[in-house]
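Here's the structure we're looking at; comments come further down.
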Amino acid sequence: ALFGFKVGPAYFEYMTIQSQLKAIVNDASRPVNTLRDAQIAFNSRATVENITSLNSNDLEMVKDGNKVTLSASY
């Protein structure tokens, strides 16, 4: 049980970050064309989801044609 209390919050925050990055890329109402667009979208989502271990400056964006991939190192 102690292991779950230690690892659980970090795991759930990781899953939240992953889902928010996917949502930013797939949001048709707010297309991501630049890294700055992604950072602005992440900041607003991070506030709502209470993501504290990562900030928008940690985002990395790769464009391959029309496909955009967001990742973060933290």
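The set of residues in the range 57-73 being within 17 Å of A46 (Cα to Cα) and either polar (S, T, N, Q) or surrounded by fewer than 10 Cβ atoms within 10 Å (Cβ to Cβ) (or both) consists of N57, S71, S73. Against the conditions (1) without any contact (Cβ under 8 Å) to a residue 12 or more places away in the chain; (2) assigned to a helix (DSSP H, G or I); (3) of a type outside the set (F, W, Y); (4) touching a helix residue (DSSP H, G or I) at 6+ places or on another chain (Cβ under 7 Å), S19 satisfies every one except (4). Of everything in the range 32-52 that is in a loop (DSSP other than H, G, I, E, B) and surrounded by 13 or more Cβ atoms within 10 Å (Cβ to Cβ), the residue that is modelled with the highest pLDDT is I51.
The residues in the range 1-20 that are more than 20 Å from F42 (Cβ to Cβ) and aliphatic (A, V, I, L, M) can be counted, and the count is 3. Taking the numbered list (1) of a type in the set (S, T, N, Q); (2) modelled with pLDDT under 90; (3) open to solvent by less than 50 Å² (accessible area, probe 1.4 Å) in turn, Q20 passes all entries but (2). In the range 50-74, the residues that are under 16 Å from D37 (Cβ atoms) form Cβ pairs under 7 Å with partners that are modelled with pLDDT of 90 or more and part of a loop (DSSP other than H, G, I, E, B), at six or more places apart or across chains, as follows: A72/L54.
Is at least one residue of the range 1-8 free of Cβ contacts under 8 Å to residues at least 60 places away in the same chain, open to solvent by less than 40 Å² (accessible area, probe 1.4 Å) and under 16 Å from A72 (Cα atoms)? Among the residues of the range 1-8, not one is free of Cβ contacts under 8 Å to residues at least 60 places away in the same chain, open to solvent by less than 40 Å² (accessible area, probe 1.4 Å) and under 16 Å from A72 (Cα atoms), which makes the answer no.
The values are calculated or read from the model by the stated rules, or taken from the named source; none is laboratory data. None of the values given here were measured: they were computed from a predicted structure. Every residue, glycine among them, receives a Cβ derived from its backbone with ideal geometry; neighbour counts consider all protein chains shown. Please note that ligands, DNA and RNA were not included when accessible areas were found on the heavy atoms of the full protein model with its side chains. Shrake-Rupley method; radii C 1.70, N 1.55, O 1.52, S 1.80 Å.
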